[in-house]
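Take a look at the structure below.
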Amino acid sequence: MKALHNIKESFLGFIMPSYCPCCHSEIYEGEKHCCQSCEKKLAKAEIIPEERCSICFTDLSLKKNRLCHKLNDTNRMFCDGRVIFFDAHYSLYSLTKDWHKLLKNWKFGGNRYLYNCFLPILQEKIDRILKPWNIDRVGYIDSAAAGRDLRSWKPCEDIARRVAEWMSLKMGADIFKKRKQNQSQMSFSERYLSIHDSFGLSSSFPSAIPKNYLLIEDVYTTGSTANEIARLLKKKGIKKVFILSMLCVFGNDSKD
Ligand SMILES: [Zn+2]
Ligand SMILES: [Zn+2]
């Protein structure tokens, strides 16, 4: 079976060579989603949770974030409270230049299977990060509903499906964007103000309200989207909302 798989793979590689989404060099057999040297660079952007606020995930080493700190003799955090509706956020990687190239290919280049890049580390984090959250349901934003999306698939769906599968949970595209919004043109505070009431719950949202909800996001930028969705979910009766983002732009994260 393995031999057959190898033959199939080398034949595919011959008629349809694959290229590294980051540096565009040809990928040979044995290498997966990007070339080995880019894989190393991407791995360096992994975010160490120990250096972060356990609630909002802000970098505690930055002076301006000193409002987030551990309370004396406990594991509880005093969080600066800018993000108040969700209970914890965790992100896998900093959005470095290398990740940015990969993200573009994943989200806009139509290379759906690049989501596999996140899976090894995600699987590794399940016991340490995700299981202690006691999640009942996994969800993501149904981006296709916004209309401007021409893809036939949604990047976060693949991730949500795998996480739900591994944790034996139900999942769905539970949230939809009510109106088109181009956040990239907005400043930090504009995003926060404009986002209010811009999401709704879709028909896939279960009638039996889950207790602890995990929202999967591709990129966490200011936290305004995550926060607004957490507000919506809590209004609906959900007790705790957790955010898992693949990539995070936060403080000094984007420097490479
Ligand atoms: Zn490469
Ligand atoms: Zn915090």
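The values are calculated or read from the model by the stated rules, or taken from the named source; none is laboratory data. Fair warning: this is a prediction, and the values are worked out from it, not measured in the lab. Every residue, glycine among them, receives a Cβ derived from its backbone with ideal geometry; neighbour counts consider all protein chains shown.
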Discussion item. Here are the criteria: (1) within 16 Å of ligand 1 (Cβ to nearest atom); (2) within 20 Å of A226 (Cβ to Cβ); (3) modelled with pLDDT under 80. Tell me which single one W99 does not satisfy.
Written reply: (3)
Worksheet item: Any chance region 117-140 includes a residue that's at pLDDT below 90 and in contact with a helix residue (DSSP H, G or I) (Cβ under 8 Å, 6 or more places away or on another chain)?
Response: no
Worksheet entry | Residues of region 198-215 satisfying the condition of being over 15 Å from A164 (Cβ atoms) and not in a loop (DSSP other than H, G, I, E, B) | F199, G200, L201
Worksheet item: For R52, which of the numbered conditions (1) surrounded by fewer than 19 Cβ atoms within 10 Å (Cβ to Cβ); (2) basic (K, R); (3) at pLDDT 85 or above fails to hold?
Response: (1)
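Tally time: how many residues in region 216-225 are small (G, A, S) and either in a strand (DSSP E or B) or in contact with a Phe, Trp or Tyr (Cβ under 6 Å, 6 or more places away or on another chain) (or both)? Spell out the reasoning first.
Start the filter on region 216-225 by keeping residues that are small (G, A, S), which leaves 223-224.
In the following step, the residues that additionally are either in a strand (DSSP E or B) or in contact with a Phe, Trp or Tyr (Cβ under 6 Å, 6 or more places away or on another chain) (or both) were identified as 224.
Here the count works out to 1.
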Worksheet entry | Residue selected from region 166-185 under the condition at pLDDT below 70 and under 20 Å from F85 (Cβ atoms), by the criterion surrounded by the most Cβ atoms within 10 Å (Cβ to Cβ) | Q181
Discussion item. Restricting to region 61-89, name every residue that is modelled with pLDDT of 80 or more and in contact with a strand residue (DSSP E or B) (Cβ under 6 Å, 6 or more places away or on another chain).
Written reply: F86, D87, A88, H89
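Determine which member of the set L150, L193 is hydrophobic (A, V, I, L, M, F, W, C), exposed (fewer than 14 other Cβ atoms within 10 Å of the Cβ), at pLDDT below 70 and in a helix (DSSP H, G or I). Spell out how you get there, then give the answer.
Working: L150 fails: in a helix (DSSP H, G or I).
After applying the criteria, what remains is L193.
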